Every structure is written in structure tokens, then in C-alpha cells.
């Protein structure tokens, strides 16, 4: 029954629901359905190479995809794929692009890159995915050029948010030279935490965390200078001079214009200061994955499940904005915006 329903295109959650109706009281869980689906898929793949299986899947389920082979080894080293629905959403909402890489997703141990966008209703969506051989500038540039190529006759991203991966940052500058490039505050904090673990094992943690948030939220450059002094005094007072030197030389001197409020608020930033939306998409995907040793077609299949669930939710929020008017938005000022501008955007204006 699972095999029949799966081949008819039903998602595992729907298959489980159908089984529960047919066989009340059964004890199967969603993971059991995924395991059977994987068995069915494996049987259907007999005789094909892993790349043939991947390409067959991507063609069948309306993905645009590209691969790159290293000419010196004739080995496939990069794969980029984007679902048709994600492509439509990307062209509708290209303004904000968030990029992050995750690991332990596939049997080749290659980094998995997710490109995430944001709708006018503040919902995240997966734009595209890439599996790359190494986190090198040439590989990121190849993937970003594929992403850019999907915006023909459409405006390009105006803001890009990443971590401090130098190769990725250089690629973004090369491919999307006109976009504002900001750094993820969460990743910066994690880097500081990793570099100076002693800061997080003493009673100065709360004080440091407080001044760090005050520092990156500085509304003016004079307040930034003052807050720098306060943080330096706090760390010095606890004998943590080396931590202050690391923060100053690695983050504040070369990169403050990319994450501190008084600089980034001079430019369009859409209010997103972390890549946590991408981290959320990593978590969504890994909920589907059965460990770190997946074939690439399995990753594509799970990515499809994530995209489908996102599109349902996004469609509901867009429709809500087309038909609803919130009571506290019934002002003359907003009359021409009702059902034409998202409820999220009107709430921002109201605030």
C-alpha cells in the first residue's frame, strides 16, 4: 500500500494518514513510512548510476538543475538545483538573500549550501540548494552564477546576509556586486565563543553578552565608540585583554560596517541581522534525513518535501493579505494599501 501510494505521488504524511484510516489502531510512525519509501525508491533505481538517479528525479519533479565536472578528473563536483515553485517565488521576492552551509548530509561528505529568501509576509522559503566539492571561491561563484541566471528580466538581490566565510563573501561581491553585504550577528557571537571559551565559563558571561548586544545595536557612531570603551573596560577588569583584542581586530576594525546598527541602518537591510532563517531550513531538512550518509537524490527528495510544505504556508499568508483587513489597520492612511500590500508590511508601517 505504501509503495502504491508513494508511486502515485503522495507525501509520507498523507500516506500515514491513509494507512491510519484503512487500518485503525496500527502503530506505524512517520519514520516507518520513510523507511519503506526509501526501500521502494532503492528498488526502482536498480541499474542506474547515482547521477542518473539524481537527474531522473530532478527532471521528474520539475527542478531546474546544473552540474559541473572537473575537466582534469572528469568527476562531477558541483550540483545546483531549484524547484519550479521556488524559482517563481525567487523572482517575486529577490530582494533579500541569505546563504549558509551545513554538513553531514551526504555520503560524499560534501558541503551542502542553502539559499533562502523572504516573502513580503516575512515567511522564509528555500530558493535553491547546492552540493559543492569544497568551500572554495570558484565553487561558490559557480553556484551563485546559476542562482543569478534565474533572475533574467528581474531585479537582483539588494541585501545579502552570510557568515564570515571569506570564499563565500568574495563570491557574493563578484556575482552580486551592487548588493549590500551584511554579516550574521549570531555567527559572529559563535566565533567569539569558540575562540575564547573562558568568557563563557565564568561570571562575566552575562556582562559580556549584555555589552556585546549593546555594542552591535549602537544607533550612532559616537555611541559605538562609547560602548567599545565600556566593553573593553569590562573585559580588562576581568583580565580578559586578549578577548578584547580578538574582538577588536577581527570584527570591529575590519567588519563593523557589516553588522553594527549605526552603519547597516544607513542602508537597506530589511531588519534581518542573522542567517537563522537558513539555520531553520537546515533543521527542516535534517528532520527528514536518516543520518549523514544520504545519496544526493535522497537529499533532493527531502528538499522537495520542505519546499512543498513551505509553499502551502506561504500561499496561505499571501491569500490572507489579499482578503483580510485587520481592525487596527482601518485608517485613512492605509486605505489604498488594503489587500494590495501584505499585512506584515502594513503592521511595520503602523509601528
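Bear in mind that the values in this text are calculations on the coordinates, not laboratory data. Note that this is a predicted model, so its numbers are computed, not measured. Every residue, glycine among them, receives a Cβ derived from its backbone with ideal geometry; neighbour counts consider all protein chains shown.
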Segment 139-277 - Debye-derived log10 I(q)/I(0), Cα point model, q = 0.11, 0.17 Å⁻¹:
-0.46, -0.94
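If I take every Cα pair under 8 Å that is 6 or more residues apart in the chain, average their sequence separation and divide by the length, what percent do I get for the relative contact order?
Working: 455 pairs, mean separation 59.2, N = 351.
Across the chain, relative contact order equals 17 percent.
Tell me the Kirkwood radius of the chain: reciprocal of the mean inverse pair distance over distinct alpha-carbon atoms, in Å.
On the way: mean 1/r = 0.0436 Å⁻¹.
That comes to 23.0 Å for the chain.
Considering only DSSP beta bridges with both partners in the chain, what is the antiparallel share in %, to the nearest 5?
75 percent
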Expressed in nanometres to one decimal, the distance between label points 7 Å along Cα→Cβ at residue 88 and residue 324 is 2.2 nm
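How many percent of Cα pairs in segment 187-264 exceed 17 Å? Could you put the intermediate results ahead of the total?
Values: 1166 of 3003 pairs.
Value for segment 187-264: 39 percent of Cα pairs lie more than 17 Å apart.
Once the Cβ-Cβ distance between residue 238 and residue 138 is put in as r, and R0 is 45 Å, what FRET efficiency do you end up with, to the nearest 0.05?
Details: r = 44 Å, r/R0 = 0.97.
Efficiency, rounded to the nearest 0.05: 0.55.
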Nearest 10 degrees is fine. How inclined is helix 185-195 to the longest principal axis of the chain, computing both from alpha carbons?
80 degrees
For the chain, modelled as a Gaussian network with Cα springs under 10 Å, which listed residue fluctuates most, 52, 114, 310?
52
For helix 205-216, report the angle its Cα long axis makes with the longest principal axis of the Cα atoms of the chain; keep it between 0 and 90° and round to the nearest 10°.
90 degrees
Between residue 31 and residue 316, the FRET efficiency computed from the C-beta separation at R0 = 22 Å comes out, to the nearest 0.05, as 0.20
Sort out for me the Cα centre separation of segment 148-189 from segment 282-327, rounded to whole Å.
23 Å
Once both label points are put 7 Å beyond Cα along the C-beta direction, the residue 73-residue 341 separation in nm becomes 5.3 nm
Helix 137-148 vs. the chain, principal-axis angle (Cα, 0 to 90°, nearest 10):
70 degrees
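For the chain, what does the helix formula give at 222 nm: sum of -39500 (n - 2.57) over DSSP H segments with n ≥ 4, over the residue count, nearest 500 deg cm²/dmol? Please report the intermediate quantities before stating the final value.
Numbers: 15 runs with 174 residues, N = 351.
Mean residue ellipticity, 222 nm, calculated: -15000 deg cm²/dmol.
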Pull out a ≥ b ≥ c, the square roots of the eigenvalues of the alpha-carbon gyration tensor of segment 77-214, then state rounded if a/c is under 1.5, prolate if not and a/b is larger than b/c, and oblate in the remaining case.
prolate
